[in-house]
Amino acid sequence: MKNWDSLDEHGVCTADKDCEDAYRVCQILDIPFHQVSYVKEYWNDVFSDFLNEYEKGRTPNPDIVCNKHIKFSCFFHYAVDNLGADAIATGHYARTSLEDEEVFEQKHVKKPEGLFRNRFEVRNARFPRMP
């Protein structure tokens with residue numbers, strides 16, 4: 001998923017290398033690689049809102065707004081409508097190991113009671129899979 005147009009950047013952007021890395025991993029795992037761009041949606045629904053809120057003296061968190069509008073809306077609908085998915089999986093608390101029998105096992109980690117989970121809308125609650 002590409003959310004920022006790196007052609008507009010004057011600094012360092014690793015999006016192209018990240019995409020190449022993801023493609024190589026998919027080749028190794030023998031799974032299809034799909035790429036989708038939400039540059040326009042990110043600018044209109046996330047970044048413009050961030051700038052407006054910042055001008056008002058507020059400190060918005062664009063990651064939360066991105067999750068709401070891009071990941072759990074645009075991307076979710078793309079996955080369902082174009083890839084035949086019935087859910088998406090996301091999360092940062094998975095534990096992996098090089099030992100075959102332990103790969104993808106997760107040790108119990110107390111889930112954070114953070115702003116992201118509080119802002120997650122009920123209408124989406126049955127679709128994503130989070131640890």
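The values are calculated or read from the model by the stated rules, or taken from the named source; none is laboratory data. In this text the structure is predicted, and so the values were computed from the model without any measurement. Backbone-built Cβ (ideal geometry, glycine too); neighbour counts: all protein chains shown.
Candidates are the residues of the stretch 65-105 that are assigned to a loop (DSSP other than H, G, I, E, B) and of a type in the set (V, I, T); the one that is modelled with the highest pLDDT is T90.
Results for (1) under 14 Å from the mean Cα position of the chain (by Cα); (2) closer than 23 Å to A89 by Cα, shown as yes or no for each residue.
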{"position": "N3", "(1), (2)": "yes, yes"}
{"position": "C13", "(1), (2)": "no, no"}
{"position": "E20", "(1), (2)": "no, yes"}
{"position": "V25", "(1), (2)": "no, yes"}
{"position": "F33", "(1), (2)": "no, yes"}
{"position": "V39", "(1), (2)": "yes, yes"}
{"position": "N44", "(1), (2)": "no, no"}
{"position": "T59", "(1), (2)": "no, no"}
{"position": "C66", "(1), (2)": "yes, yes"}
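Residues in the stretch 15-49 that are outside any helix (DSSP H, G or I) and exposed (fewer than 10 other Cβ atoms within 10 Å of the Cβ): D30, I31, P32, Q35.
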